[in-house]
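Worksheet: one structure, shown below.
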Amino acid sequence: MISVEEHRARVREVVGTRPVVRRPLADCAGLVLAEDLAAGVSLPPFDNSAMDGYAVRAADVADAREDAPVHLPVAADIPAGHVDVPALEPGTAHRIMTGAPLPEGADSVVMVERTDGGTERVAISTAVTPGLHVRRAGEDVTAGTIVLRSGTVLGPAHLGLAAAVGVDRLPVYAPPRVLVVSTGTELVHPPTPLRHGQIYESNSVMLVAGLTELGCEVEVVRSVADDVAHFRAAVEPRLTEVDLVVTSGGVSAGAYEVVKDSLTDTGVTFTKVAMQPGGPQGCGLWHGVPVVTLPGNPVSVLVSFEVFVRPALRAALGHRDADRPRVRARLTEALTPPKGKRQYRRGRYTPGTDGTTGVVAPQGGPGSHLLASLAQANCLIVLDGESTEVPEGSLVDVLLL
Ligand code: AMP
Ligand code: MG
């Protein structure tokens, strides 16, 4: 039997790191930036108007008042996007729109609301200070400065900034293509009615959801029968198309352990991990492709995914925080975990108010087939296997899902 940490390290090594690829911005959301990004242009790239109004010299409208407007000829019209802007002669105004380049010679903008809106001549009823309503070139970003750091998890604001400084692709850790394979002759899919002895397949759905959330491109081979020839025929030809295979079921100590029987002696090692649920585990390379074999019980699958697969993939994808956030919380009821194994129990965590410790209520029993309580849970309670009696009120570690 190996420890959880040992198997975590094995899975992480098998999964490895992802190569860096330059992806179009539209395909980068949620991925991790692999290099610092320096701005190729300043933001704004040029002095421009912050208002719809009139570009002026402040000195020309110094005497303007509500009851005594200053009248200036409108010498030019500058909509946004104008690239050939004439200079502003003294004693004139240019009608200017938000985002349009400030003409040379102008030092400020009078907002249209403080004018009569004239197109030939304009009556200006307020004085302005130099610089008013002008957005200066580089006041946001100076060309050459680092605007995004390597390791940034790219969200809408980061991608918007990258686009604004003229970038159309970013170097990110490439999400892997993952093949999910669920095994079990008892598994059927809707709308097939259940016959006695059959159940609806659910692990692949859970794994696809978890992997998709990580940004993986997921393919599925759903419900391979417990037959080595079937398993090999369904999976082996697809190894060339994927970067990782995750299987469920067929790895424990029974008689028809299809994954174990198919992959023993291929480079995949099967072990028992000192944890509950999720003891039977395996990982390795099959024809050079990383394979992680999870047990079959749905709770074991989710716990194994959380403890082994998700952190390994997040690390591979460049996330600095590969693990779920961990907090301490007070148990609302006593638990009796097994000795010598790390037990993960489903829990419902409620944060404390005003900095007090939160509480965690176990959901359902320890049975690894109990899916309903899994869906009620928002965390996993981690019990270290040192004590078989954990009284109500104890402080325990909690992984927030
Ligand atoms: P196994 O490890 O293959 O013996 O599976 C352990 C238990 O999990 C059995 O009760 C299976 O019926 C169940 N199981 C295995 N795979 C799935 C699946 N994909 N969906 C739902 N239940 C499953
Ligand atoms: Mg099975």
> Roughly what would the spin-label model give for Arg22 and Glu186, points 7 Å off Cα along C-beta, in nm?
Replying inline: 5.3
> Tell me, what is the 1.4 Å probe accessible area of Met1, in Å² to the nearest 10?
Replying inline: 140
>> Taking the Cα centroid of segment 292-368 and of segment 108-157, what is the distance between the two, rounded to the nearest whole Å?
In response: 50
>> Can you give me the accessible area per residue for segment 205-318, using a 1.4 Å probe, in Å²?
In response: 35
> For the chain, rounded, prolate or oblate, judged on the Cα gyration tensor with a ≥ b ≥ c (square roots of eigenvalues), a/c < 1.5 rounded, else prolate if a/b > b/c?
Replying inline: prolate
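So how do Arg324, Arg346 rank on accessible area, 1.4 Å probe, biggest first, that is with the largest at the start?
Working: Arg324 50, Arg346 0 Å².
Putting Arg324, Arg346 in descending order of accessible area: Arg324, Arg346.
For the chain, what is the calculated [θ] at 222 nm in deg cm²/dmol (nearest 500), taking -39500 (n - 2.57) for each run of four or more DSSP H residues and dividing by its residue count?
Working: 8 runs with 66 residues, N = 401.
Calculated from helices alone, the mean residue ellipticity at 222 nm is -4500 deg cm²/dmol.
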>> Using a 1.4 Å probe on the protein heavy atoms only, what accessible surface does His94 show? Give it in Å² to the nearest 10.
In response: 0
> Can you give the accessible area of Arg149 in Å² (nearest 10), computed on protein heavy atoms with a 1.4 Å probe?
Replying inline: 140
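How much of the accessible area of segment 327-396, probe 1.4 Å, is carbon plus sulfur, in whole percent? Let's see the in-between values first.
Numbers: 1830 of 3600 Å².
With neighbouring chains kept in place, the figure for segment 327-396 is 51 percent.
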> Based on the Cβ-Cβ distance from Gln198 to Ala334, what FRET efficiency comes out when R0 is 35 Å, to the nearest 0.05?
Replying inline: 0.40
>> Given a 1.4 angstrom probe, what's the average accessible area per residue across segment 48-135, in square angstrom?
In response: 48
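Could you sort Thr183, Thr240, Thr271 by accessible area so the largest value comes first, with the probe set to 1.4 Å? Could you put the intermediate results ahead of the total?
Details: Thr183 10, Thr240 120, Thr271 30 Å².
Final ranking, largest accessible area leading: Thr240, Thr271, Thr183.
The values are calculated or read from the model by the stated rules, or taken from the named source; none is laboratory data. Everything numeric here is computed off the predicted structure, so don't read it as measured data. Glycine gets a Cβ as well: all are built from the backbone with ideal geometry, and neighbour counts include every protein chain shown. Ligands, DNA and RNA are stripped out before the accessible areas are found, and what is left, the full protein with its side chains, is counted by its heavy atoms. Shrake-Rupley method; radii C 1.70, N 1.55, O 1.52, S 1.80 Å.
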